[in-house]
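Beneath this line is the structure, given in structure tokens, with notes to follow.
Each value in this text was obtained by applying a stated rule to the coordinates, not by laboratory testing. No experiment lies behind these values; they were computed from the predicted model shown. Heads up, the Cβs are rebuilt from the backbone with ideal geometry, glycines too, and the neighbour counts pull from every protein chain shown.
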Amino acid sequence: MLSLAMHEKAPKMFAIDSFDHALNPRLAKKVTEIFSNIIIGQNKTVFMTTHNPLVLDGLDLSNDDIRLFTTDRNKNGHVEIRRVKISEELLRMNQPLSRLWINGLLGGVPELL
């Protein structure tokens, strides 16, 4: 991933599915931080997917160039995409993004009843 981010012939826009595949959770967090900084520094756009909560902790959502989206299915089975913005209420909880996601406070996780 870092080679793709830094390669001079890499496209200006690309996608990576399962960004965290085969990475140790703490390494996934750090790679996300480094990768994001390189991508922004090179004025590139990347769409990434993950199922690893610690990847979220590597994102600096105070930087408007970094966006987090969740997907959910509505009652008709259609996928709905929603941008996650960190509110003052979420900040007051003093929890990392990974914990907020696991607890269902950001969306993008199924309701398990």
Legend entry - Centre separation in Å (Cα based) which lies between region 57-113 and region 30-56: 16
Inset, instruction - Would you look at the GNM of the chain, springs on alpha carbons closer than 10 Å, and say which of ASN76, ASN103, ASN37 moves the most? - result: ASN76
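Could you state the per residue volume, in Å³, of the convex hull enclosing the Cα atoms of the chain?
Details: hull volume 14.0 nm³, N = 113.
Measuring per residue, one finds 124 Å³ for the Cα hull of the chain.
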Inset, instruction - Given the options GLY58, GLY77, GLY41, state which has the largest fluctuation in a GNM of the chain using a 10 Å cut-off (strictly under) for Cα springs. - result: GLY77
Legend entry - Distance between modelled label sites at ILE66 and GLU8, nm, 7 Å Cα→Cβ extension: 2.8
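Only helical DSSP H runs with n ≥ 4 go in: add -39500 (n - 2.57) per run for the chain, normalise by residue count and round the 222 nm mean residue ellipticity to 500 deg cm²/dmol.
Values: 5 runs with 38 residues, N = 113.
Result for the chain: -9000 deg cm²/dmol, rounded to the nearest 500.
Where Lys and Arg each count +1 and Asp and Glu each count -1, what net charge lies around ASN52 among other residues with Cβ under 12 Å from its Cβ?
On the way: positive: ARG26, LYS29; negative: ASP20, ASP57.
Here the count lands on 0.
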